[in-house]
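The next block holds one structure in the form of structure tokens; read it before the comments.
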Amino acid sequence: MRRLSGVLMAGAILLLSALSQNALAAQQAAPQKFTLEGDLALWSVSIRPDKTADYEQVLNKVKEALTKSQAPEAKQQLAGWKVIKAAKPMPDGNIVYTHVITPVPGADYNILQVLYGTFTDPAEQKSLYDLYRGAFVGNLGISSGSVAVDLSK
């Protein structure tokens, strides 16, 4: 009886291990959704100075993707998303782009996922990825929340 329960226990452990590894693999393979909360969000990124045209090309494709999208939140995202290019480079020479966003609850702001949702040809996706990845240096910061004081009122 002890031997049978030991075999059953070992089988259960192996099964749970396999299931958890499959769940972890599925979770890692699934694209991460990038959502923002609150009344306003500021998302700053650093872009290579010689690749600003590439980054702006990617942003124009994001606009095109959201324009073509059938997702109900896409038009709201378009209406509430502006991008500012810094007038001067940072000390390292890179250029700061700040996304000024009025967040749409639950909407995905992951640039690549927005693009891939509309542009489904693998060759085009790779081209867009290469443009984006080649221009992108890193995230500088994300801040989102409620408006504490509206000085315009």
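Quick check: anything in the stretch 118-128 in contact with a Leu (Cβ under 7 Å, 6 or more places away or on another chain), closer than 22 Å to SER46 by Cα and of a type in the set (Ser, Thr, Tyr)?
Among the residues of the stretch 118-128, not one is in contact with a Leu (Cβ under 7 Å, 6 or more places away or on another chain), closer than 22 Å to SER46 by Cα and of a type in the set (Ser, Thr, Tyr), which makes the answer no.
Is there a residue being surrounded by fewer than 18 Cβ atoms within 10 Å (Cβ to Cβ), farther than 28 Å from LEU40 by Cβ and in the same structural domain as ALA53 (by TED's automatic domain parsing) anywhere in the stretch 134-152?
Within the stretch 134-152, one or more residues are surrounded by fewer than 18 Cβ atoms within 10 Å (Cβ to Cβ), farther than 28 Å from LEU40 by Cβ and in the same structural domain as ALA53 (by TED's automatic domain parsing).
Which condition breaks for ALA30 when tested against (1) modelled with pLDDT of 95 or more; (2) farther than 30 Å from VAL149 by Cα?
The one condition ALA30 does not meet is (1).
Looking at VAL104, VAL96 in this structure, which one is outside any helix (DSSP H, G or I) and in contact with a Ser or Thr (Cβ under 8 Å, 6 or more places away or on another chain)?
Only one candidate qualifies: VAL96.
Has the stretch 65-76 got at least one residue that is surrounded by 14 or more Cβ atoms within 10 Å (Cβ to Cβ), in contact (Cβ under 8 Å) with a residue 40 or more places away in the chain, within 18 Å of ILE142 (Cα to Cα) and out of contact with any Leu (no Cβ under 7 Å at 6 or more places or on another chain)?
no
Please go through the stretch 138-153 and give me each residue that is out of contact with any Gly (no Cβ under 9 Å at 6 or more places or on another chain) and among the β-branched types (Val, Ile, Thr), ordered by number.
ILE142, VAL149
In the stretch 93-114, is there at least one residue being surrounded by fewer than 18 Cβ atoms within 10 Å (Cβ to Cβ), modelled with pLDDT under 95 and among the hydroxyl-bearing types (Ser, Thr, Tyr)?
No, the stretch 93-114 has no match at all.
Looking at ALA86, is it more than 16 Å from ILE111 (Cα to Cα) and in contact with a Ser or Thr (Cβ under 8 Å, 6 or more places away or on another chain)?
yes
Can you tell me which residues in the stretch 40-65 are closer than 30 Å to VAL149 by Cβ and among the polar types (S, T, N, Q)?
Result: SER44, SER46.
Which residue, of TYR109, TYR55, is within 18 Å of LEU42 (Cα to Cα), in a helix (DSSP H, G or I) and of a type in the set (Ser, Thr, Tyr)?
TYR55
The values are calculated or read from the model by the stated rules, or taken from the named source; none is laboratory data. Keep in mind that this is a model prediction, so the values were computed, not measured. Neighbour counts run over all protein chains shown; Cβ positions are idealised from the backbone, glycine included.
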